[in-house]
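What follows is one structure encoded as structure tokens, with my remarks underneath.
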Amino acid sequence: MFSIPHSIPRYDALRRVVLQNVRPPAVFFKEFITDPRHVGAVCPSGRALTTALARMVPVLENGLVIDLGAGSGMVTERLLQMGIAPERILAIELSPRLAKMCRQRCPTAATLIGDARDLAAILAQHAPAERVSCVISSLPFRIMPSPLVRDILGAVKSVLLDRGGFLVQYTYAWWQHYSLRQYDFHPISVQHVLLNCPPARVEAYVA
């Protein structure tokens with residue numbers, strides 16, 4: 001166990017970041033232990049990272065904002081706080097436990113239990129006529145099996161080509177530049193989130 005000084009002003013920002021990230025909800029931690037390939041982290045995304053993700057989304061649009069791999073709802077919550085209308089948001093989470101947490105945290109936004117590989121079918125059932133503004137992915141592609149990554153990104157690409165919009169993906173492997181190019185996604189912007197714990201890289205792509 002370690003502690004961060006309370007009395008030294010220059011440590012205040014670091015202390016806030018660490019305390020926001022090192023005490024994950026028990027359910028989130030349990031899901032990580034049960035299936036680390038899909039959860040990918042021991043705690044939810046920090047405020048600095050969720051803010052960076054939310055700022056990628058055009059506020060004054062009518063298209064859907066899909067929170068793919070929504071987890072406990074940290075990104076969805078930040079989208080709402082940043083002014084994204086709840087009827088525009090669709091959170092999709094594979095774990096029923098985490099989906100329940102997302103619904104409790106963000107009751108005004110729609111949360112569905114579903115597999116990212118079935119994204120087109122999910123949209124066909126729940127939003128058949130809606131265009132897509134943005135897909136925000138919190139899926140840990142770096143630690144997933146390659147065939148699974150190809151299937152998920154193939155589903156995302158199909159949706160973007162059909163309904164418009166772009167993909168936002170973050171990674172804690174901030175030294176890797178535009179890793180989704182190998183799946184025929186074209187990078188359009190990048191942001192480094194140094195105050196997240198650990199630091200993250202946020203990339204935007206078009207199909």
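The values are calculated or read from the model by the stated rules, or taken from the named source; none is laboratory data. In this text the structure is predicted, and so the values were computed from the model without any measurement. Reconstructed Cβ throughout: ideal geometry from the backbone, glycine too, with neighbour counts over all protein chains shown. Note: areas computed on protein heavy atoms with side chains; ligands, DNA, RNA excluded. Shrake-Rupley method; radii C 1.70, N 1.55, O 1.52, S 1.80 Å.
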Discussion item. If I model segment 156-207 as equal point scatterers sitting on the Cα atoms and use the Debye formula, what is log10 I(q)/I(0) at q = 0.15, 0.16, 0.17, 0.23 Å⁻¹?
Written reply: -0.41, -0.46, -0.51, -0.81
Response to the item:
Descending accessible area (1.4 Å probe), largest on the left, turns Glu93, Glu77, Glu87 into Glu87, Glu77, Glu93
Item to complete: Do me a favour and compute the ellipsoid semi-axes for segment 55-146 from its Cα gyration tensor, root of five times each eigenvalue, largest one first, whole Å.
Response: 19, 15, 13
Worksheet, complete the sentence: Magnitude of the Cβ-charge dipole (Lys and Arg +1, Asp and Glu -1) of segment 69-156 about the Cα centre, nearest 20 debye, reported as 200 debye
Worksheet item: Label points 7 Å out from Cα along the Cβ direction at Glu61 and Ile188: separation in nm?
Response: 0.7 nm
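Length gain on complete extension for the stretch Ala85 to Arg150, per 0.36 nm per residue less the alpha carbon to alpha carbon distance? Intermediate results must be reported in sequence, preceding the final value.
Numbers: separation 65, 0.36 × 65 = 23.40 nm, distance 3.11 nm.
Stretched fully, the Ala85-Arg150 segment lengthens by 20.3 nm.
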Worksheet, complete the sentence: Whole-percent carbon and sulfur contribution to the accessible surface of segment 71-207 (1.4 Å, no ligands, DNA or RNA) stands at 54 percent
Worksheet entry | Cα-Cα separations in segment 110-207 greater than 16 Å, expressed as whole percent | 57 percent
Practice prompt. Determine the percent antiparallel among the DSSP beta bridges restricted to segment 65-207, to the nearest 5.
Written response: 45 percent
